[in-house]
Structure formats: structure tokens, C-alpha cells
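Asker: Got a structure for you, questions after.
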Amino acid sequence: MRIQVLMIVLIVMMPGCITEEELNSIIDILDDTYSSDLESSNVTFNIYHGESLANATANYSITIMLNHTAAPAHSDNLRGHVLAGNYNMTHFHRIIDDFMIQGGDFENHDGSGGYASAWFGVCDGDISVNQSDCPNQESWNVPDEAYNGLTHLPCTISMAKTSAPHTGGSQFFLMPDDIYRHSWLDGVHTVFGVITDGCEHVTEISEVATGQYDFPIMPVIIYNATAMD
């Protein structure tokens, strides 16, 4: 898929990013990994705010269009997690008003866990040529696609990771509709889609009461996630 090569070339051209050898390795891996030519796809998160779905104080539905052209690895990764059911009954564990809501930690539900849904050529943040050198999926990450032309505007989705490159796994964050732009995140975190329905719900969720470490006092849970072309 030449579009994948193009997007990774944009990454490698920026200072402090991957080497030409790493680039060639990722190109080979991605060409072997992707089985579809999706330009975009849609995922929907059904969410409740409360101690349980039966006793929820609010219910929300948010639909996101993933951009497989600009961010093929990240889009395939999130879609893969949805198809595997990994996001069902997961928390939005970090919520900051006027900033974002973060979720996707299907391991520990507190922001300390998560890994890639498939092999994307990165092992614990390091570019790896062979999957056999990284047999444990818990070590798999997604390569950065941060210089893909997409920026942190209202109603977008971006990949959460550590400060080190290539450390995204399953966690993501959604921007509400009452921000202007989080420009300091551009070129660091990868934007890979746009919220097409329910962005006002992201804003509502961003305003819930939180406690220590920005964890919501009353749980905000994705109880069901679905994917479609």
C-alpha cells in the first residue's frame, strides 16, 4: 500500500524521528500487516455514567470516523480493539474539563495498561524487524504517525502514549467541542479520526466531577463498542 509508505515518509522527514533503516523495516511490516484498503471506517462507543448501566445517571453514544489514509496503523489498531471486544466495559479513567477525556485501558482500567491489537513492528517502543523477537503481545505498540497533517482540533481522537516515541497501545483521548486547538500536542500525539456524531456528549463527559488523578468520582464506562465500514 503506497499510501502507508507516504505517511511514514512524512514522519521520518521530521527531526528526532525514526531512521531510514527503521523506516524500511516498518514499510515491510505494514505491507504484510494490512489486509484491507479502507480509506475510512466508523466505530461507535456506547457509554454510561453511573455505578452501573441499570442505574446510570446518563447514557451517551459517540461515533468516530477513523482516517485509515492519514493514520493507517492507528486506525487499524483501534478498529482491531473494537472488533475484539477489548473496549467493552472499560473506563474513561482521566477526564479534564476544557481538555479531553481519556480511555482505552482494557488491562487495568486506570491508565497503566494496554497494548496494540496486532503486530505493527514496535516492541516496547523500539522498532523491531521480526515479530519472533517480541513474542508477548503485551509488549506490542503502534508506530507514531503524528506528522500526518491532522491536528488536535475539537471533536477529534488522538492516541495516548508516554513521552517516548512509538509507545501507543490501546489508550486514546477525545477532544470536546468547546476547545479551540491543543496545538502543543501536534506532532507528538497522533490524531487519527474525527467524531461525527455525539461530540456534545464528549463535552458533557469532560465536565463530570473528578477526584485524584482526574479519575471521575462516578464511573464513565464504555459498555459496548461496535465497528462498521
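A short reminder: the numbers here are calculations on the coordinates, not readings from a lab. These numbers come from a predicted model, not from an experiment. Neighbour counts run over all protein chains shown; Cβ positions are idealised from the backbone, glycine included.
Asker: Describe numerically, in nm with one decimal, the distance between label points set 7 Å from Cα along Cα→Cβ at residue 107 and at residue 229.
Answerer: 3.4
Asker: Can you run phi through the Karplus equation (6.51, -1.76, 1.60; θ = phi - 60°) for region 123-136 and list ³J(HN,Hα) in whole Hz, with x for Gly and Pro?
Answerer: 10, 6, x, 9, 5, 10, 6, 10, 4, 4, 7, 9, x, 8
Asker: Please state, rounded to one decimal and in Å, the Kirkwood hydrodynamic radius that region 74-218 gives when every pair of distinct Cα atoms enters the mean of 1/r.
Answerer: Working: mean 1/r = 0.0646 Å⁻¹.
Here the Kirkwood hydrodynamic radius works out to 15.5 Å.
Asker: How much net charge surrounds residue 208 when only other residues with a Cβ under 11 Å from its Cβ are counted (Lys, Arg +1; Asp, Glu -1)? Spell out each step's value before the answer.
Answerer: Values: positive: none; negative: 97, 204, 207, 214.
Computed value for this residue: -4.
Asker: While we're on this one: List every residue whose amide H lies under 5 Å from the amide H of residue 94, counting only residues 5 or more places away in sequence or on a different chain, with H placed 1.01 Å from N in the peptide plane.
Answerer: 102
Asker: Determine the distance separating the Cα centre of region 184-213 from the Cα centre of region 84-144; give it in Å without decimals.
Answerer: 17
Asker: Which order do 182, 68 fall in if you start with the one that has the fewest other Cβ atoms within 10 Å?
Answerer: Values: 182 19, 68 24.
Ranked by crowding around the Cβ, least crowded first: 182, 68.
Asker: Okay, moving on. Going 7 Å from the Cα of residue 40 along its beta-carbon direction, which residues of region 59-81 have the amide nitrogen within less than 17 Å of the resulting point?
Answerer: Residues passing the 17 Å test: 62-76, 79.
Asker: Right, here's the next one. Can you list the residues of region 189-215 with backbone N under 19 Å from a point 7 Å past the Cα of residue 65, pointing along Cα to Cβ?
Answerer: Under cut-off, by backbone N: 191-202.
Asker: I need the calculated FRET efficiency for the pair residue 97 and residue 124, taking r as the beta carbon distance and R₀ as 30 Å, to the nearest 0.05.
Answerer: Values: r = 33 Å, r/R0 = 1.11.
Step by step, r from the Cβ atoms, then E = 0.35.
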